[in-house]
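Student: One structure, as structure tokens, below. Some questions next.
Where a number appears in this text, it was derived from the coordinates with a stated rule and is not lab data. None of the values given here were measured: they were computed from a predicted structure. Here Cβ is always computed from backbone atoms with ideal geometry, including for glycine, and neighbour counts include all displayed protein chains.
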Amino acid sequence: MTKIKTLSAALIAAALIAPVASAGTLTVTLEDIKKTKGTVQMGIFDESGYETGEAVNGANVTIDEATETVTIEGLAPGFYGIKMFHDVNDDGEMNTNPFGMPTEPYAFSNNAKGRFGPAKWDAAKFEVTADGAVQTISIN
């Protein structure tokens, strides 16, 4: 009887601790922000969502300073990529010129650069572990 109670207590404790231990925290510092107004709209993507635009998490960061930091909690360990743009005029859209080129600042994780489109997954991906991850991204 004692062995069963001990085993049951151990299984319950493991079940309660496991979700907390497996979730990572991502801290993103945005720097080189030229205009201290508007909002940065940030999407966090897994590999399949990076191409389809389906974010697994994200944040809207109000810009008051040239450097801002945001923390995203509860990410499952794995590889992610970040796409973001600075919505300077707060109209909810990434504004473009008549040729489709962005007229508002944008950036990707790892400060990856895109050529004729967003940065590629291999350049932007980074790992979030159970211990978390940190990204410092310059807004272009």
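Student: With a cut-off of 8 Å between alpha carbons and a minimum separation of six or more residues, what is the relative contact order of the chain in percent?
Tutor: Relative contact order comes out at 31 percent.
Student: With runs of 4+ DSSP H residues as the only contributors, calculate the mean residue ellipticity of the chain at 222 nm using -39,500 (n - 2.57) per run, divided by the residue total and rounded to the nearest 500.
Tutor: Estimated from H runs of four or more residues: -6500 deg cm²/dmol.
Student: Go through (i) 16.1; (ii) 19.4; (iii) 16.6 and flag the label whose value is the computed Kirkwood radius over Cα pairs in Å for this structure.
Tutor: Checking each listed value against the structure points to (iii).
Student: Let me ask another. May I have the count of lysine pairs in the range 12-133 with C-alpha atoms under 20 Å apart, counting pairs 8 or more residues apart or located on different chains?
Tutor: Eligible lysine pairs with Cα atoms under 20 Å apart amount to 8.
Student: Looking at the chain, which longest stretch skips every one of the trypsin sites (Lys or Arg not before Pro) that is in a DSSP loop with at most 11 other Cβ atoms within 10 Å, leaving the sites themselves out?
Tutor: That gives 35-114 as the longest site-free run.
Student: To the nearest 20 debye, what charge dipole does the range 24-138 have about its Cα centre, counting +1 at the Cβ of each Lys and Arg and -1 at the Cβ of each Asp and Glu?
Tutor: Charge dipole of the range 24-138: 400 debye, to the nearest 20.
Student: Separate question: For Phe79, put the label point 7 Å out on the Cα→Cβ axis and report which residues of the range 113-140 keep their amide N under 15 Å from it.
Tutor: 120-129
Student: Which is the longest stretch in the chain that no exposed loop site breaks, taking sites as GluC sites (Glu not before Pro) with a DSSP loop state and at most 16 other Cβ atoms within 10 Å?
Tutor: Answer from the scan: 1-53.
Student: What chymotrypsin sites (Phe, Trp or Tyr not before Pro) does the range 56-105 have in DSSP loop regions with at most 11 other beta carbons within 10 Å?
Tutor: Phe99
Student: Could you give the length gained by full extension between Glu127 and Thr103, i.e. 0.36 nm per residue of separation minus their alpha carbon distance, to one decimal place?
Tutor: So the extension gain works out to 5.6 nm.
Student: On to the next question. Would you pull out the residues with amide H under 5 Å of Thr69's amide H, same chain only if 5 or more places away, H placed 1.01 Å from N?
Tutor: Leu30
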